[in-house]
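Here is the structure we will look at, set down as structure tokens.
The values are calculated or read from the model by the stated rules, or taken from the named source; none is laboratory data. Since the structure is predicted, the reported quantities are computational estimates derived from the model, not experimental observations. In this analysis, Cβ positions are derived from the backbone assuming ideal geometry, glycine residues included, and neighbour counts consider all displayed protein chains. These area figures cover heavy atoms from the full protein model, side chains too; ligands, DNA and RNA do not enter into them. Shrake-Rupley method; radii C 1.70, N 1.55, O 1.52, S 1.80 Å.
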Amino acid sequence: MVITEQKLDQLREILQGAPKKIALLTHTNPDGDTIGAALAWRAYLERLGHTTLCIAPNRYPYFLEWMTDIGHIGVFKDDVDGIMARFIAEAEIIFCMDFNQINRLDRVTDTVTANTTALRILIDHHLHPPVDGYVLQFSDTHSCSTSYIVYQLIMALAGEESIDQAMAESMYVGIMTDTGNFSFSTLSAELFRAVAVLIERGVNVPYVNSSVYDNFSEGRMRLLGYMLNDKMVTNYKYGVAHVSLTEEEMRRFNFIQGDSEGFVNYPLSIRGIRMSAMFIQTKHSVRVSLRSRGDVDVNVFARRYFDGGGHRNAAGGRSYVSMDETLQNFHQFLGEYFGEKEG
Ligand code: 5GP
Ligand code: MN
């Protein structure tokens with residue numbers, strides 16, 4: 001059990017007394033879980049009387065824009081006046097939501113590491129939790145999402161009466177998106193009981209579902225069709241499929257940030273494919289997304305070859321060479337990784 005009475009006492013002690021300045025940080029390229037967890041936890045801290053600010057290193061995807069509390073997320077990249085950097089520097093407590101490596105803060109990393117006075121607390125579900133740098137860690141690597149850990153914290157500290165509709169919605173979005181709309185292997189009966197509570201607290205399931213999943217642009221749909229038809233490469237020897245997108249291809253389909261969300265999952269629904277990889281060109285590097293089924297461990301793959309990590313069945317990383325070279329390397333890595341495992 002990750003949420004022990006001892007840790008809860010420590011947390012209560014840190015949060016009690018005079019109102020404090022508290023920053024909540026999401027990981028870069030924020031997803032539904034890091035945003036949902038930060039917003040729900042923020043609402044709880046505000047209720048206790050604290051002054052809070054949720055900060056995302058860069059902009060959240062447009063399919064989260066409808067969320068009730070989304071206006072409470074500040075985007076560090078757009079903060080021309082340095083208000084957020086100052087808030088972080090002055091914060092007495094910093095909550096790190098949904099990431100295990102400080103460099104997942106991207107451009108916020110330096111601001112946070114330069115600040116030595118704040119108490120840093122981690123709430124996360126990624127493998128390999130950090131060994132130091134935090135006064136308190138709520139790390140549950142078996143949890144389906146960070147939002148579910150936040151739910152368990154709020155339930156333990158204040159009970160379900162304290163969960164209002166916006167908080168319930170935030171946590172539901174995190175759980176829904178990080179479980180692939182309730183389809184991954186991290187599901188449990190307890191999780192569905194928690195979801196039942198969130199529904200009782202006011203989540204409108206069809207509304208949330210279609211706000212996230214039926215709200216894409218036409219360009220995104222056409223890009224998906226193009227990518228699967230023209231760019232998908234299958235390798236049945238290893239049970240691997242990969243796709244890639246260049247900047248030119250993304251421009252052709254009026255790409256906006258968030259459009260490629262979920263693309264990497266499609267090749268996994270082909271019979272015989274156990275691992276899927278997606279390579280997306282960005283200005284300075286190639287972003288790598290990996291998904292797998294069963295015991296194919298893409299966390300190890302991402303850590304070993306792409307300077308990244310994540311979970312066993314969902315991980316990511318980066319490549320700092322050209323797309324062509326990245327794809328050549330990938331073939332070599334596959335031979336090494338699967339050849340090594342078979343041999
Ligand atoms: P996605 O492919 O959706 O960007 O990420 C899948 C999972 O891998 C997420 O849990 C995410 O946190 C993790 N992940 C993605 N990119 C990186 C990375 O560069 N470093 C690490 N450590 N984890 C990553
Ligand atoms: Mn997560």
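Observations, loosely collected:
- Filtered residue count, the range 9-47, keeping only those that are surrounded by 15 or more Cβ atoms within 10 Å (Cβ to Cβ), aliphatic (A, V, I, L, M) and either at pLDDT below 95 or more than 21 Å from ILE175 (Cβ to Cβ) (or both): 5
- Scanning the range 208-229 turns up one or more residues that are assigned by TED's automatic domain parsing to the domain that holds ILE273, part of a helix (DSSP H, G or I) and touching a Leu at 6+ places or on another chain (Cβ under 7 Å).
- In the range 16-41, the residues that are farther than 21 Å from GLY159 by Cα and in the same structural domain as ILE73 (by TED's automatic domain parsing) reach residues that are within 12 Å of ligand 2 (Cβ to nearest atom) and basic (Lys, Arg) with C-beta atoms within less than 9 angstrom, at least six apart or across chains, in these pairs: HIS27/ARG104; THR28/ARG104.
- Test: VAL212 is in contact (Cβ under 8 Å) with a residue 12 or more places away in the chain, of a type in the set (A, V, I, L, M) and within 15 Å of TYR62 (Cβ to Cβ): yes
- Failed criterion for MET232 (all others in (1) among the aliphatic types (A, V, I, L, M); (2) out of contact with any Asp or Glu (no Cβ under 7 Å at 6 or more places or on another chain); (3) in the same structural domain as TYR172 (by TED's automatic domain parsing) hold): (3)
- Some residue of the range 69-77 being on the phi < 0 side of the Ramachandran plot and in contact (Cβ under 8 Å) with a residue 60 or more places away in the chain: yes
- Filtered residues of the range 301-336 (kept if touching a helix residue (DSSP H, G or I) at 6+ places or on another chain (Cβ under 8 Å), open to solvent by 30 Å² or more (accessible area, probe 1.4 Å), away from ligand 2 (no atom under 16 Å from the Cβ) and under 22 Å from LEU127 (Cα atoms)): ARG304, TYR305, PHE333
- Filter pass, ALA114 being more than 15 Å from the chain's Cα centre (by Cα) and either open to solvent by less than 10 Å² (accessible area, probe 1.4 Å) or without any contact (Cβ under 8 Å) to a residue 40 or more places away in the chain (or both): yes
- Some residue of the range 154-175 being within 20 Å of ALA43 (Cβ to Cβ), within 16 Å of ligand 2 (Cβ to nearest atom), in contact with a Cys (Cβ under 7 Å, 6 or more places away or on another chain) and part of a helix (DSSP H, G or I): yes
- First in the range 119-133 and basic (Lys, Arg) and more than 13 Å from ligand 2 (Cβ to nearest atom), second anywhere and at pLDDT 95 or above and open to solvent by 20 Å² or more (accessible area, probe 1.4 Å), Cβ under 9 Å, 6 or more apart: ARG120/TYR134; ARG120/VAL135
- Residues satisfying the stated conditions in the range 266-307, i.e. more than 20 Å from ARG318 (Cβ to Cβ) and of a type outside the set (Asp, Glu): TYR266, PRO267, LEU268, SER269, ILE270, ARG271, GLY272, ILE273, ARG274, ARG293, GLY294, VAL296
- Given (1) among the acidic types (Asp, Glu); (2) within 18 Å of the chain's Cα centre (by Cα); (3) surrounded by fewer than 22 Cβ atoms within 10 Å (Cβ to Cβ), number of the condition ASP259 does not satisfy: (3)
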